[in-house]
Amino acid sequence: MTKFDIIVIGGGHAGIEASCAAANMGCSVGLLTMDRFAIGRMSCNPAIGGTAKGHLVREIDALGGMMGKIADRTGIQFRMLNKSKGPAVWSPRCQSDRKLYSEEAYRVVNSIRNIETVEASVVEILSENRKVVGVRTENDDEILCKALVLSSGTFLNGLMHTGLRSTKGGRFGEKPATGITESLLKLGFISGRLKTGTPPRLKKNSINLDILEIQPGDQYPQPFSFSTDRNSFPVLPQLSCYVTYTNKQVHEILAKGFAQSPMFTGLIKGVGPRYCPSIEDKIVRFADKEKHQLFLEPEGLDSDLIYVNGFSSSLPAEIQYEALHKIKGLEECEMVRPGYAVEYDFFPPHQVDLTLETKLIKGLYFAGQINGTSGYEEAAAQGLVAGINAAAKITGRKELVLRRSEAYIGVLIDDLVNKSTDEPYRMFTSRAEYRLLLRQDNADRRLMKYGYDYGLQQKENFEKVVANEKLISRSIELFDNMKLHSRDINSFLENKNLSSIDSTETISKLCKRPELNLKELISLDHNSDNPVIGELLKNDTAIEQVEIQLKYEGYLKRQQEMIERLERYEEEKIPLTLNYSKLKALSAEGREKLNKVKPRSIGQASRISGVTPSDISILLVYLKN
Ligand SMILES: Cc1cc2nc3c(=O)[nH]c(=O)nc-3n(C[C@H](O)[C@H](O)[C@H](O)COP(=O)(O)OP(=O)(O)OC[C@H]3O[C@@H](n4cnc5c(N)ncnc54)[C@H](O)[C@@H]3O)c2cc1C
């Protein structure tokens, strides 16, 4: 009988990271997936990153994951979003070549010796004494394992809707996964139903792109991955996207289809993504808006398809077609495929621990859409954590639990476990209370040490980060003491209409002025031939870090102090075996939620919705006694 250390079910974005991490940590991995050529398939938009999602990709990369590398090799447009705002919200995004992304993901997975890809549809999870032991496939084969990561995406009992027509399927052209939900329900899990949707695809040469607003990529594009060679980046030719808008007439046509909308007629039971609503949802929820922005995004270099970002719909195909024809630039468009919605089973994520191991069945991990999230990046982040933890568990290594104060991935998993979710969860910068510290630009500084410890990051990369760290702290120390004289800077300040200085001022202090940048200030010091400065000026990564640190020093310090104040609650451990039902002084809701989540620390307990400050005081007293 076939046996692996770890089985990963699903070759989606979560499954890729889980398999690669576990295999690179020395485990034999069976990647069981329905269609080997669908590995890394992008179900919806051909893009990676974006607001907060770009942060996740940078963190995945720092930890030694694959998404950033694959995106860098297959990106056809790179942009840093939110550049006009503060660095906490700068977010890298790329438009991907859909076909090349999937091909590259397939190549990456197959280049790792310990991974065996098995084309199979799993219908049952097997366990003994509340511990996972393997799976049964559709062909009645049993495959055994010591740990299992379930990352089945939108496939569990998937049902696709366009108008009042529903067909069974996990996504367009692919069958649903049956049996897994039922086998988990028998083991005592609770499932729910969610939905998501995708827009129509249009034929590129049927669109009048000449009359539309062009959205080019950045002039100097930045890769996601630390490992990407900046000298040969970007790898592929770069393309532009286009912008257009809906209008009143479009909205009126769409409204005609409401009587046949699976969403409004109640045919769809699952809850949809609040922050990524369908076009019909938008025109109802924001009825006063006369237009909605749409991005026309190319699906690839050789593809003749355009993805209509912002026009996700499950209205009847003929309504979508009629409405599209009233949009500027799309008057003659050919709709190759209508938009559709898909409903699927998920497992409310309070059923997993912060390692993503399920509380009911040891050795069984859930990652990705199955935990109620939406998005490739959220899925990949969980897949990576689940893969690392599954491998750590069976090789006797320390588990990986990232704190909210050190990673967006920590925020994501902490939110899922403590707050659970009954609607598709996606990442936003506003979800991270320490977002000034959790920037995309410092992901390597925050997290590469973990990737290196688990053997997922190259030594060379880690050594570079350590060397940069030294350079950053030596530079800051230097600028805290290095002063510019009024005679060297005042005429420069006056030219910029800025107030002059009296006698001397440190570079650190001057750099806090939003109008001044560090390189300019350094160039004003004519007497310095300091070797640290010489080294810094040759290192773009380090100079950016120093500048951000100097400019935002006060805010960063305050966030750091807050973390340190709250950290002691994270260190107050609670035994996982604690029976909260016995603590009668707790509020009824607090008791129920604590029993459900089983937090590991007072810090975690305090973030569970429904647990009050007085419940926390009672717990603290109980633990002290
Ligand atoms: C129509 C549609 C629209 C979407 N719209 C959006 C959107 O607007 N915004 C957004 O952020 N996200 C959207 N998504 C979600 C996005 O695709 C997912 O968040 C992401 O792909 C989840 O990654 P995953 O790894 O969890 O699963 P997936 O990428 O779905 O991969 C699941 C994998 O598991 C395999 N599998 C499933 N069951 C079995 C089984 N029993 N046996 C073997 N293999 C199995 C499948 O073959 C597949 O390879 C959409 C998805 C769909 C289908």
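The values are calculated or read from the model by the stated rules, or taken from the named source; none is laboratory data. Predicted, not measured: the structure shown is a model, and the values here were computed from it. Cβ atoms come from the backbone with ideal geometry, glycine included; neighbour counts cover every protein chain shown.
Looking at the range 184-267, the strands (runs of 3 or more DSSP E) lying wholly inside it that each contain 1 or more residues that are within 24 Å of the chain's Cα centre (by Cα) and surrounded by fewer than 20 Cβ atoms within 10 Å (Cβ to Cβ) sit at 192-198, 213-215.
Against the numbered list (1) in contact with an Asp or Glu (Cβ under 6 Å, 6 or more places away or on another chain); (2) within 16 Å of the ligand (Cβ to nearest atom), A407 comes up short only at (2).
Take the conditions aliphatic (A, V, I, L, M), under 23 Å from Y434 (Cβ atoms), modelled with pLDDT of 90 or more and assigned to a helix (DSSP H, G or I) and apply them to L556. Does it pass? Lay out the reasoning, then the answer.
Numbers: aliphatic (A, V, I, L, M): yes; under 23 Å from Y434 (Cβ atoms): yes; modelled with pLDDT of 90 or more: yes; assigned to a helix (DSSP H, G or I): yes.
Criteria met by L556.
Per-residue answers, yes or no, for (1) buried (at least 18 other Cβ atoms within 10 Å of the Cβ); (2) within 15 Å of the ligand (Cβ to nearest atom); (3) of a type in the set (F, W, Y); (4) within 30 Å of P316 (Cβ to Cβ):
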| residue | (1), (2), (3), (4) |
| --- | --- |
| V118 | no, yes, no, no |
| V123 | no, yes, no, no |
| N139 | no, yes, no, no |
| V149 | yes, yes, no, no |
| T167 | no, yes, no, yes |
| G170 | yes, yes, no, yes |
| I180 | yes, yes, no, no |
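Do you know which of the residues in the range 505-553 that are assigned to a helix (DSSP H, G or I) and of a type in the set (K, R) is surrounded by the fewest Cβ atoms within 10 Å (Cβ to Cβ)?
The first filter runs over the range 505-553 and keeps only residues assigned to a helix (DSSP H, G or I), leaving 507-511, 518-524, 531-537, 540-551, 553.
Imposing the further condition that a residue be of a type in the set (K, R) reduces the set to 509, 519, 551.
On the way: K509: 15, K519: 11, K551: 20.
The residue in question is K519.
Consider the range 569-589 and keep the residues that are outside any helix (DSSP H, G or I) and in contact (Cβ under 8 Å) with a residue 24 or more places away in the chain. The one that is surrounded by the fewest Cβ atoms within 10 Å (Cβ to Cβ) is L576. Out of the range 389-433, which residues are of a type in the set (V, I, T) and within 17 Å of the chain's Cα centre (by Cα)? Listed by number, the residues that qualify are V401, I409, V411, I413, V417, T421, T429. Taken over the range 518-537, residues that are more than 17 Å from I501 (Cβ to Cβ) and of a type in the set (D, E, K, R) amount to 3. Taking the range 136-183 as the range and being in a loop (DSSP other than H, G, I, E, B), within 29 Å of S28 (Cα to Cα) and of a type in the set (A, V, I, L, M, F, W, C) as the test, only F155 passes. Only one of the numbered conditions (1) aliphatic (A, V, I, L, M); (2) surrounded by fewer than 19 Cβ atoms within 10 Å (Cβ to Cβ); (3) in a helix (DSSP H, G or I) is violated by L594, and that is (2). Determine, yes or no, whether R79 is closer than 18 Å to G383 by Cα, of a type in the set (D, E, K, R), more than 16 Å from the ligand (Cβ to nearest atom) and within 21 Å of the chain's Cα centre (by Cα). So R79 does not fit the description; no.
Residues are listed down the side, and each one gets a yes or a no for (1) part of a helix (DSSP H, G or I); (2) surrounded by 22 or more Cβ atoms within 10 Å (Cβ to Cβ); (3) more than 8 Å from the ligand (Cβ to nearest atom):
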position: V336; (1), (2), (3): no, no, yes
position: D345; (1), (2), (3): no, yes, yes
position: L354; (1), (2), (3): no, yes, yes
position: G383; (1), (2), (3): yes, yes, no
position: A391; (1), (2), (3): yes, yes, yes
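For the range 5-12, does any single residue satisfy the condition of being touching a residue at least 12 places away in the same chain (Cβ under 8 Å) and either farther than 25 Å from A390 by Cβ or away from the ligand (no atom under 13 Å from the Cβ) (or both)? Yes, the range 5-12 contains a residue that is touching a residue at least 12 places away in the same chain (Cβ under 8 Å) and either farther than 25 Å from A390 by Cβ or away from the ligand (no atom under 13 Å from the Cβ) (or both).
Could you check how many residues of the range 27-84 are free of Cβ contacts under 8 Å to residues at least 60 places away in the same chain and either in a strand (DSSP E or B) or of a type in the set (F, W, Y) (or both)? Number of matching residues: 1.
Any residue at all in the range 438-446 that's among the small types (G, A, S), away from the ligand (no atom under 16 Å from the Cβ) and surrounded by fewer than 23 Cβ atoms within 10 Å (Cβ to Cβ)? Within the range 438-446 (the criterion being among the small types (G, A, S), away from the ligand (no atom under 16 Å from the Cβ) and surrounded by fewer than 23 Cβ atoms within 10 Å (Cβ to Cβ)), the answer is no, since none of the residues qualifies.
For I60, are the conditions met, namely being touching a helix residue (DSSP H, G or I) at 6+ places or on another chain (Cβ under 8 Å), within 16 Å of the ligand (Cβ to nearest atom) and β-branched (V, I, T)? Walk me through it before giving the result.
Details: touching a helix residue (DSSP H, G or I) at 6+ places or on another chain (Cβ under 8 Å): yes; within 16 Å of the ligand (Cβ to nearest atom): yes; β-branched (V, I, T): yes.
Against the criterion (touching a helix residue (DSSP H, G or I) at 6+ places or on another chain (Cβ under 8 Å), within 16 Å of the ligand (Cβ to nearest atom) and β-branched (V, I, T)), I60 qualifies.
The set of residues in the range 287-328 that are assigned to a loop (DSSP other than H, G, I, E, B) and either buried (at least 24 other Cβ atoms within 10 Å of the Cβ) or not assigned by TED's automatic domain parsing to the domain that holds Q238 (or both) comprises F311, S312, S313, S314, L315.
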